[in-house]
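Written out below as structure tokens is the structure these notes cover.
The values are calculated or read from the model by the stated rules, or taken from the named source; none is laboratory data. In this text the structure is predicted, and so the values were computed from the model without any measurement. Here the Cβ positions follow ideal geometry from the backbone for every residue, glycine too, while neighbour counts run over all protein chains shown. Ligands, DNA and RNA are excluded from the accessible area calculation, which covers all protein heavy atoms including side chains. Shrake-Rupley method; radii C 1.70, N 1.55, O 1.52, S 1.80 Å.
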Amino acid sequence: MTLLTLCWEFFKTGLFSVGGGLATLPFLFEMGNKHPDWFSVQDLTNMVAVAESTPGPIGVNMSTYVGSTVAGVLGGIIATLSLILPSIIVILIIARILEKFSDSKLVKDVFYGLRPAVVGMLFASVLSVFESSLFGGNFMNGVDLRYLALFAVLVFGIFKLKKHPILYIGIGALIGIIFGF
Amino acid sequence: MKELAELFKSFFMIGAFTFGGGYAMLPMLEKEVVTKHKWATMEEISNYFAIGQCTPGIIAVNTATFVGYKQKKNIGGIIATLGVVTPSVIIILVLAGILDIIFEYQIVKSAFAGISVAVCALLVQALWKLAKSGVKDVYTAIVALMSAIVSVFLKLSPILIVVVTAIVTVCYKYIQSRVKGVNKQ
């Protein structure tokens, strides 16, 4: 029964949280209010911290974590599958429509305008990632020079060497440990 | 069958090495999907992101479904999506009980601080590549600038930005074609 409720709650979350990432958060708060035996607000705050530092989409991490807390391994898997099911269905439908109309002038025109809009939106999220990762949560804090040095070296390496992103992530972790970030 | 396995493998890697979620997947996506396998162009990734802003669900999942569908229809979409979520599910399930403790260790904190600096550096290049594929002329430069300004300062909802941009662009293209038509006459 719990599994069924879990499935339904996460399906709803997946269906209505538009825009990804932390967009699932308000739904999880509501879920916590509705099922106080599942997790508390404090639990949720811990979950966000964990989900942000482990690899993978935050929404997926959150649903696995919540599901496994409530109903074990099976709960984690069920919650995650329920979360992604609505978007798989919606995107498969849109992908099919797009395929049909990919040569239409209207679709081409729309994407011609949307691509730069995405660049602008990405710029905004990159800024907020910078703020939390390089400036310790607030631009006013200033930047740790060791962080800045690593950042500069990596940017240079990334543009010059064109190696796989995993390499730079590994270097970041190593330097972080060696220099005690 | 081989391509399905490749899809799963690539998206598994993307899921395993995306720290921070959402747009943070772009550097991995660019390397695996655009450069290595040529499953999609940077323009198409950009299109998927725009659609992902207005459709339900996580951007990473939406993009995986799109790329998978493009290669192998419905089954491709499903396999790619399962690939991108599997690492998170495994990691969280294995670590669920001890996650709180792990992040207390200084060495883990240091490693993650270093990783997040690396993610910043990777995002600079991803943004650069996305800009090169999307900003082609004066109009698209203005759209990018406006979108950045309203996102940073007004914190407008991405859905609103996408919808308004789509409408304005269609009008702009219509007027442009009319003006060209008049000039020809």
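Quick notes on this structure:
- Taking the Cα centre of segment B:2-133 as origin and assigning +1 to Lys and Arg Cβ atoms and -1 to Asp and Glu Cβ atoms, the resulting dipole is close to 400 debye.
- Per residue Cα convex hull volume in Å³ - calculated over segment A:105-178: 121
- Residues of segment B:5-37 with amide N under 15 Å of a point placed 7 Å along Cα→Cβ from A:Lys162: B:30-37
- For B:Phe19, distant residues with modelled amide H under 5 Å away: A:Gly56
- One equal scatterer on each Cα of chain A, no solvent, Debye formula: the resulting log10 I(q)/I(0) at q = 0.09, 0.19 Å⁻¹ is -0.49, -1.20.
- Quarter of Cα convex hull surface for segment A:2-101, i.e. mean projection, nm²: 6.5
- Listed residues A:Val153, A:Val60, A:Val90, most fluctuating in chain A (Gaussian network, C-alpha, under 10 Å): A:Val153
- Pairwise label distance in nanometres, A:Ala152 with B:Ile98, each label 7 Å out on the Cα-Cβ vector: 4.0
- A DSSP coil position with no more than 10 other Cβ atoms inside 10 Å describes the following trypsin sites (Lys or Arg not before Pro) in segment B:105-159: B:Lys155.
- Rounded to whole Hz, the Karplus (6.51, -1.76, 1.60) HN-Hα couplings of segment B:156-167, x for glycine and proline: 5, 5, x, 4, 4, 4, 5, 5, 4, 4, 4, 5
- Neighbouring Cβ atoms from other chains, within 10 Å of the Cβ of residues in B:159-166, number 4 on average.
- Helix-only [θ]222 nm of the protein assembly as shown, DSSP H runs n ≥ 4, -39500 (n - 2.57) each, per residue, nearest 500: -26500 deg cm²/dmol
- Dimensionless Rg/Rh of chain B - Kirkwood Rh, Rg from C-alpha atoms: 1.05
- Cα extents of the protein assembly as shown along the three principal axes, largest first (Å): 74, 52, 44
- Of A:Val107, A:Val155, A:Val73, the one that fluctuates the most in a GNM where chain A has Cα springs shorter than 10 Å: A:Val155
- Whole-Hz couplings from phi, Karplus 6.51/-1.76/1.60, listed for segment A:65-80; x for Gly and Pro: 5, 4, x, 6, 5, 7, 9, x, 4, 4, x, x, 5, 4, 4, 5
- DSSP loop trypsin sites (Lys or Arg not before Pro) with at most 14 other Cβ within 10 Å: longest gap in chain A: A:1-161
- HN-Hα J in Hz across segment B:77-90 - Karplus 6.51, -1.76, 1.60, θ = phi - 60°, x for Gly and Pro: x, 5, 4, 4, 5, 4, x, 6, 8, 4, x, 4, 4, 4
- Nearest-0.05 FRET efficiency for A:Ile89 and B:Tyr174, computed from C-beta distance (R0 30 Å): 0.35
- Net dipole in debye of the protein assembly as shown [+1 Lys, Arg Cβ; -1 Asp, Glu Cβ; about Cα centre; nearest 20]: 1600
- Shielding value for A:127-140 is 3, the average number of Cβ atoms from other chains within 10 Å of each residue's Cβ.
- Between the beta carbons of B:Ile149 and A:Gln42, assuming R0 = 30 Å, the FRET efficiency works out to 0.20 to the nearest 0.05.
- Global geometry of segment B:109-185, whether rounded, prolate or oblate, following the gyration tensor of its Cα atoms and the 1.5 cut on a/c: prolate
- Looking at the protein assembly as shown, the accessible area is 46 square angstrom per residue; that uses a 1.4 Å probe and ignores ligands, DNA and RNA.
- For the segment A:59-68, counting C-beta atoms of other chains within 10 Å of every residue's C-beta and taking the mean gives 6.
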